[in-house]
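A.B. asks: The following block contains the structure, expressed as structure tokens.
The values are calculated or read from the model by the stated rules, or taken from the named source; none is laboratory data. Because the structure is predicted, anything quoted here is derived from the model rather than measured. These accessible areas exclude ligands, DNA and RNA; they are computed on the full protein's heavy atoms, side chains included. Shrake-Rupley method; radii C 1.70, N 1.55, O 1.52, S 1.80 Å.
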Amino acid sequence: MKEIEQAVILAGGRGERLRPLTDKVPKPMVMVRDKPFLEHLVVLLKEHGIKNYLFLVGYLGNLIRDYFDDGHKWGITITYSFEEKPLGTGGALRLAKTHLEENFFLLFGDSYLPIDYRLMAKDFLVSERKVFLAVYDNSCDTNVPFNIKLNNSKHIVVAYNKKKDNPADFNYCDAGVIAVSREVVKLIEGADPISFEEVIYPRLIKMEQLGYYIAEKRFYDIGTIERLKIFEQYLSHKIK
């Protein structure tokens, strides 16, 4: 079976909660153990067979391109899509649609999930659904609220809501990795900023086309200084 070989990484955020670290660099380029966070993510993905990368950049995106260039240093291929103004997750994808492969992973440039990406890709391709979310039961080790409700018999997501006070049957959270069929980008209409999660997910849920992959390990993000320190601790233990 064909594997997914492209990772599309959303790397256009300003990272306001990480200031002053992000006053002069974009959030994915914040240093963690002497490397930009984004480099740690790229190394992880390469270990799982991801060869082609598309960076969706905005704020200080030239610094990302200056550092990674075309990816040859890491034995990968990197292309870039620059947005002049924030377009949201959906708008950034719409802008870059000509660079998208038939199937791809969509990730956030400030989030790190150590899963078996080949296995997730296999489950996604076998399912023939349009989108697969990596989901995680974070009741023990993160403070991210549950925002996903599953139908286990159909193996689909039946509700997605970023609000903090969801009912008790919302017992998973979005782990920050999405397998996507390029066909879904056709649903992103117009030229205004648009959220992929808030606009496209509800349409996919109605179509029963939003599947899921359960991540057995927790995710890490660098959205705040505290979370950045937690990721640094994870790397320290991983390297030992």
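A.B. asks: Summarise the accessible area of the range 105-240 (1.4 Å probe, protein heavy atoms) by the percent that is carbon and sulfur.
C.D. replies: Result for the range 105-240: 49 percent of the exposed heavy-atom area is carbon or sulfur.
A.B. asks: Could you give each residue of the range 166-183 its phi-based ³J(HN,Hα) in whole Hz, using Karplus coefficients 6.51, -1.76, 1.60 with θ = phi - 60°, and x for Gly or Pro?
C.D. replies: 8, x, 5, 7, 8, 10, 9, 10, 5, 8, x, 10, 10, 9, 10, 7, 4, 4
A.B. asks: Run lengths n ≥ 4 of DSSP H only: what is the helix-derived mean residue ellipticity at 222 nm for the chain, with -39500 (n - 2.57) per run over all residues, to the nearest 500?
C.D. replies: Result for the chain: -7000 deg cm²/dmol, rounded to the nearest 500.
A.B. asks: Quick check: convex hull of the Cα atoms in the range 1-109, volume per residue, rounded to a whole Å³?
C.D. replies: In the range 1-109, the Cα hull volume divided by residue count equals 102 Å³.
A.B. asks: Something else about it: Over the chain, what is the percentage of antiparallel beta bridges among all DSSP beta bridges, to the nearest 5?
C.D. replies: 50 percent
A.B. asks: Report, to one decimal in Å, the Kirkwood hydrodynamic radius for the chain based on all distinct Cα pairs.
C.D. replies: Computed over the chain, the radius equals 18.2 Å.
A.B. asks: Calculate the radius of gyration of the Cα atoms of the range 98-181 to one decimal place, then report Dmax, the largest Cα-Cα distance, as a whole number, both in Å.
C.D. replies: 13.5, 41
A.B. asks: Students often get this wrong, so check it: of Lys46/Lys162; Lys35/Lys85; Lys122/Lys149; Lys46/Lys122; Lys2/Lys46, which have C-alpha atoms separated by over 19 Å?
C.D. replies: The pairs that break the limit, which is 19 Å between Cα atoms, are Lys46/Lys162; Lys35/Lys85; Lys122/Lys149.
A.B. asks: Considering only protein heavy atoms and a probe of 1.4 Å, how much of the accessible area of the range 44-90 is carbon and sulfur, as a whole percent?
C.D. replies: 51 percent
A.B. asks: Less than 18 Å apart at the alpha-carbon level, and either on another chain or at least 8 residues along: which aspartates and glutamates does that give for Lys186?
C.D. replies: The reachable aspartates and glutamates, counting only those whose Cα sits under 18 Å from Lys186, are Glu101, Glu102, Glu128, Glu197, Glu198, Glu208.
A.B. asks: Just for the Cα atoms in the range 35-98, what are the lengths along the principal axes, largest first, rounded to whole Å?
C.D. replies: Dimensions of the range 35-98 along the principal axes of its Cα atoms: 31, 22, 17 Å.
A.B. asks: Of all beta bridges DSSP finds with both residues in the range 1-116, what is the antiparallel percent, to the nearest 5?
C.D. replies: 10 percent
A.B. asks: Output wanted: per-residue J couplings in Hz (rounded whole) for the range 205-222, from phi through Karplus 6.51 cos²θ - 1.76 cosθ + 1.60, θ = phi - 60°, x for Gly and Pro.
C.D. replies: Rounded to whole hertz, the list is 4, 4, 7, 6, 10, 10, x, 8, 10, 7, 7, 8, 10, 6, 9, 10, 9, 10.
A.B. asks: Related question: Using Stokes-Einstein with the Kirkwood hydrodynamic radius over Cα pairs, what translational diffusion coefficient do you get for the range 44-153 at 20 °C and a viscosity of 1.002 mPa s, in µm²/s rounded to a whole number?
C.D. replies: D = 132 µm²/s.
A.B. asks: Any chance you could list the semi-axes, whole Å, largest first, of the equivalent ellipsoid that the Cα gyration tensor gives for the range 82-141, using √(5λ)?
C.D. replies: 24, 18, 10
A.B. asks: When you have a sec, figure out the Kirkwood radius of the range 121-240 from all distinct Cα pair distances and drop it here in Å to one decimal?
C.D. replies: 15.7 Å
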